[in-house]
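See structure below.
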Amino acid sequence: MPTNAGVEYSLALVEYNKAKTNEEKIRALEKVYAAAPKHKSAEKLLQEIKTKISKLKAKVEKDRSKKSGGFSLSIKKEGAAQVALVGLPNSGKSTILNKLTGAKVEIAAYPFTTKMPEVGVMDYNGVKIQIIEIPALFEGFIESDRGPSFLAIARSADLVIVVLDGTENCEKQLEIIEGEIDKAFFRLKTVKNYKAKNKTGFAQDLINKYEKELEENTKKCLVVVNKLINNFKCPYPVCWVDDLKNAIWSLLDLVYVQTKMPGKKADWPPVALRKGSTVGELAGVVHKDFVKNFKYARIWGKSVKHNRSTVGLDHVLGEGDVVEIHTK
Ligand SMILES: Nc1nc2c(ncn2[C@@H]2O[C@H](COP(=O)(O)OP(=O)(O)OP(=O)(O)O)[C@@H](O)[C@H]2O)c(=O)[nH]1
Ligand SMILES: [Mg+2]
């Protein structure tokens, strides 16, 4: 046992030694990892625990895949980002998908209407965002044949939207969703001390804070309360349907900018870039010769004090900027 290891560490080890299934072993080892000392001399131990956890997870996933007869489904990422909608039956996922994207997915008052993932494309100021409805979760979803494969889609998405039925117990719904997601080996990233500031409960400053706190195996998420406003205490950023489009965009951590040729109108559609991207990064996306032959750029928009300012490759772009690149 490493020096400075506390009671929690010993208890977690006991739990690990008692664990029978691989799932139980993973859970216990995660506790061992959390309780293990984090000083320099423990680095090797921490790495060993991590490797053991990864191997066990791979084993569990393989067993699940075998059980489902090898069923797997991946959805090709299209557009600037991929967003997954998850929730219990009848929470309104298809209604939201259709509203956001103009898709025509079947909506019905009975549960499990959507049986396979459904895809739509949301337009945000000309930027395309792929939205995927995951068939409804339920307790034990991960043990169902297709559950692991469906949850793997959410795990690889850029953002998970949890749709809750505001007319039912929101805490209970979240508990079931978190439980199944946990068993699919990822977690939704919580926001500490989250308190809805206004009626819509959507606070930009918290979203900014959220970005910086992202940890391994955690997924950015947004909870949307559907059907009725229900002010429950939510550990995740929460919004109501009317704010959803803007909230999704804020959480994706992107900016949209437009390129422009000298003497011409700004190009359409805009280009989506990671927040904090520079003129150089934009030029690289548009055409590699633009970087090689770059002379200067002129900007119209938020990132400059005066429109038509001249900037270099290092200039950080702002949302909605129009960028005219001049080459040699
Ligand atoms: N009153 C009200 N009903 C809604 C709202 N959104 C959805 N519904 C109803 O809730 C029911 C389920 O909606 P869906 O969009 O099919 O829900 P879903 O989550 O996709 O359901 P499954 O695919 O079966 O899991 C339908 O009868 C909808 O008309 C809403 O904002 N208000
Ligand atoms: Mg549906």
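Counting Lys +1, Arg +1, Asp -1, Glu -1, what net charge surrounds Gly70 among other residues with beta carbon under 13 Å of its beta carbon? Around Gly70, the charge tally is +2. Of all beta bridges that DSSP places with both ends in the chain, some 50 percent have antiparallel geometry.
Restricting the trypsin sites (Lys or Arg not before Pro) of the range 232-295 to loop positions (DSSP other than H, G, I, E, B) with no more than 16 neighbouring Cβ atoms within 10 Å leaves Lys233, Lys264, Lys265, Lys275.
Our note on the geometry: Cα centres of the range 80-142 and the range 242-318, 31 Å apart. Calculated FRET efficiency, Ser156 to Ile229, Cβ-Cβ distance, R0 = 22 Å: about 0.10 to the nearest 0.05. At an R0 of 45 angstrom, the distance between the Cβ atoms of Phe71 and His287 translates into a FRET efficiency of 0.60.
Under 12 Å from the Cβ of Lys25, count the other residues' Cβ atoms, weight Lys and Arg +1, Asp and Glu -1, and hand me the total. Net local charge, Lys25 excluded: +4.
Compute a Gaussian network model of the chain, connecting alpha carbons closer than 10 Å, and tell me which residue from Pro262, Pro148, Pro235 fluctuates the most. Of the options given, Pro262 has the highest mean-square fluctuation.
Antiparallel versus total DSSP beta bridges in the range 81-252: what percent is that, nearest 5? Can you show the working numbers first?
Working: 7 of 28 bridges.
Beta bridges within the range 81-252, antiparallel portion: roughly 25 percent.
Each other residue within a Cβ distance under 12 Å of Gly79 adds +1 if Lys or Arg and -1 if Asp or Glu, for a net charge of 0. The label point for Lys38 and the one for Glu319, both projected 7 Å from the Cα toward the Cβ, are 3.2 nm apart.
Protection proxy ranking for 132-142, 64-74, using the average of other Cβ atoms within 10 Å per residue and placing the highest first: 132-142, 64-74.
Of the residues Pro89, Pro117, Pro37, the one that moves most in a GNM of the chain with alpha-carbon contacts below 10 Å is Pro37. Residues considered: Asp242, Asp158, Asp182. Largest GNM mean-square fluctuation over the chain, using C-alpha springs under 10 Å, is found at Asp242.
The distance between label points at Thr327 and Glu23 comes to 5.6 nm (points 7 Å beyond Cα on the Cα→Cβ vector).
A short reminder: the numbers here are calculations on the coordinates, not readings from a lab. Since this is a predicted model, take the numbers as computed values, not measurements. No Cβ is skipped: glycine too gets one built from the backbone with ideal geometry, and neighbour counts run over all protein chains shown.
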